Amino acid sequence: GENVEQHPSTLSVQEGDSAVIKCTYSDSASNYFPWYKQELGKRPQLIIDIRSNVGEKKDQRIAVTLNKTAKHFSLHITETQPEDSAVYFCAATGPLEYGNKLVFGAGTILRVKS
Amino acid sequence: GAGVSQTPSNKVTEKGKYVELRCDPISGHTALYWYRQSLGQGPEFLIYFQGTGAADDSGLPNDRFFAVRPEGSVSTLKIQRTERGDSAMYLCASSLQGLGTGELFFGEGSRLTVL
């Protein structure tokens, strides 16, 4: 089955700097890659996603890139703000015949220092 | 018009007891998922329903865990003979499309503590 690895496990940046979180996946048939943000004590919420027919997607200060050949995808946050501090999870899922479950990475704790 | 609702928000029980956790998905969402999240870890898939049927229950750890969704809306996760290792946050999510191509909307979770 699918296996998703996420790095780093913790990341501290200064306010205004950029943050990059990287994930690798094992199943070349995976075709949907969302990123979720989970604030302390809150539910995970989708912040951006990308499908396998697209190499990059951007939404204001966040962007995601996908390299299908290398089987990795990354989250980029620019001009970080204190409210970006949270745990970020990447996830992957494959085509219908593989089941519809998202497989999540272990998470990255992002701390933005002001 | 609320989001995914889960009850109870907290459950403390003793080892060996039976527990039920309830999930009320967003109205109209045909897909419903149960995940388990331990401290410092990502959500771990348990089971996925499309309508009333369990389309994928490959994540249930053993036969002490069972889930139902009899009318295609509310779902109940049932844990028999609870063990301390079952302690975790149990998250429910629903999705409009349910084909791995739509956003999962998570509930606030039910935190289970087995003493």
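Determine Rg/Rh for the stretch B:33-115; Rg is computed over alpha-carbon atoms and Rh is the Kirkwood hydrodynamic estimate from the same atoms. Rg/Rh: 0.95. Reported to the nearest whole Å, the Cα centre-to-centre distance from the stretch A:1-61 to the stretch B:1-77 is 24. Note: relative contact order over chain A, using C-alpha pairs below 8 Å and six or more positions apart, is 37 percent. Beyond 23 Å in Cα-Cα separation lie the following of the pairs A:K101/B:K15; A:K37/B:K17; A:K22/A:K101; A:K22/A:K68; A:K37/A:K57: A:K101/B:K15; A:K37/B:K17.
Short to long, the 10 Å bins of the Cα pair-distance histogram for chain A hold 15, 48, 30, 7, 0 percent of all pairs.
What percentage of all Cα-Cα pairs in the protein assembly as shown are separated by more than 21 Å? The calculated P(r) of the protein assembly as shown puts 55 percent of pairs beyond 21 Å. In order along the stretch B:9-26, phi translates into HN-Hα couplings of 6, 9, 9, 10, 9, 9, 3, x, 7, 9, 9, 10, 10, 10, 10, 10, x, 5 Hz, rounded to whole numbers, per the Karplus curve 6.51 cos²θ - 1.76 cosθ + 1.60 with θ = phi - 60° and x for Gly and Pro. Applying the criteria of a DSSP loop state and at most 10 other Cβ atoms within 10 Å to the GluC sites (Glu not before Pro) of the stretch B:1-88 yields B:E14, B:E71. The trypsin sites (Lys or Arg not before Pro) of the stretch B:16-107 that meet both conditions, a loop assignment by DSSP and at most 16 other Cβ atoms within 10 Å of the site Cβ, are B:K17, B:R64, B:R81.
All of the numbers you see were taken from the coordinates with simple rules; none came from a lab. Computed from a prediction, not measured in an experiment: that's the story for all the values here. As a convention, Cβ positions derive from the backbone with ideal geometry for all residues, glycine included, and neighbour counts pool all protein chains shown.
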